[in-house]
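K.L.:
Handing you this structure, nothing more for now.
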Amino acid sequence: MATAFGDVSISTSSAGYRDRTAFWLTSVERLLIRLESGGDGEQLDATLQGRDFGLFRAASIAANRHAVERTADSIRHDGRDALFVCLMQKGRGFTHQGVECVMHGPGDIVIYDTTRPYGHGFPEDMAMTVLAIPRGVFEPELGPWPPGKLLKIDHGDGPAGWCAQAILRIFESEQVPRPERAAQILTLLGAALRVSRDELRVSRSTLGSLWRAKEYIRQNLSADDLSAESVGRAIGLSARQLSRIFELDGTSVARHVWQMRLARCRDDLLSDQLRHVAVGDIAFRWGFNHLAHFSRSYKRRFGEAPSVTRQRKLAVTL
């Protein structure tokens, strides 16, 4: 997966007509993953916008009719290890892996393991966003991914479909910082996966209450008194009711607040405007009073020390 920060855009229009497919595959390999063309030779008109969300990288792709595949040979030459979460936005198509094949349309989500061969086919103009989530981020948050598992979350499928729709809305909410959106997306994705595995049996209204609570927390994250009592009071639930809803989501109000504050710390560490602010001051700003504890918690969450995040950002900026 690409390690550079910032936005990157590519378009096949910058290549010669005969060279477009080769240019596209080379660019996608540099930014995302190694693939091969699985199409019939039609020249490709495509764009890709890559964006860093901290916990993962997102690639928004729009193209005409085409097909791609990741073969065993591609995997041997490309050791990147990620789960891809594909948010389908335009057009219909199919994805296959092993003996499984799913059809998908706008609003659906498709998830698969990129260390196993797979392919996509799109018989018409399409658009989708690929969330390339490193296994080291995905599995601690969402659990081990079954080998060769290909999963489709249908946008119209009850509570899981509600999660799929909410994930797409969050991804497109540019007013919310990217690291914070990444944390929200993983939380909703976890709920959708538990619903799909029949581990979480809730109604759409319960998921709606959970989301209202999380939105209130997001908007008041710097408050000193964020608790089940204060959040429940704000959205019209008792602390007991709210705690039960968060338990269904596999967490607690306090843990969710902690994760959101860590995401804000990461956002600040990656900010050009705050590059001269000490790591300890950023941690204290978001309620972490002990730097050593903050550093350990940050590394468990993001896989690197806060100082490493800051150093990598400064290296790219310089």
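Here's the yes/no breakdown for (1) surrounded by fewer than 19 Cβ atoms within 10 Å (Cβ to Cβ); (2) over 19 Å from the mean Cα position of the chain (by Cα):
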residue: 181; (1), (2): no, no
residue: 187; (1), (2): no, no
residue: 201; (1), (2): yes, yes
residue: 214; (1), (2): no, no
residue: 230; (1), (2): yes, yes
residue: 242; (1), (2): no, yes
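K.L.:
Can you name the residue in the range 250-296 that is assigned to a loop (DSSP other than H, G, I, E, B) and within 29 Å of residue 197 (Cα to Cα) and, of all such residues, is modelled with the lowest pLDDT?
P.N.:
Step by step, filter the range 250-296, then rank; the result is 250.
K.L.:
Okay, next question. State which residue is surrounded by the fewest Cβ atoms within 10 Å (Cβ to Cβ) when the search covers only the range 124-144 and only residues that are more than 26 Å from residue 266 (Cα to Cα) and out of contact with any His (no Cβ under 9 Å at 6 or more places or on another chain).
P.N.:
124
K.L.:
Can you name every residue in the range 220-240 that is farther than 19 Å from residue 259 by Cα and part of a helix (DSSP H, G or I)?
P.N.:
233, 234, 235, 239, 240
K.L.:
What's the total number of residues in the range 160-175 that are closer than 29 Å to residue 300 by Cβ and surrounded by 14 or more Cβ atoms within 10 Å (Cβ to Cβ)?
P.N.:
Final tally of qualifying residues: 8.
K.L.:
Applying the selection to the range 105-149, what residues are among the β-branched types (Val, Ile, Thr) and part of a loop (DSSP other than H, G, I, E, B)?
P.N.:
The answer is 114, 115.
The values are calculated or read from the model by the stated rules, or taken from the named source; none is laboratory data. Nothing here was measured: the structure is a model prediction, and the numbers come from that model. Reconstructed Cβ throughout: ideal geometry from the backbone, glycine too, with neighbour counts over all protein chains shown.
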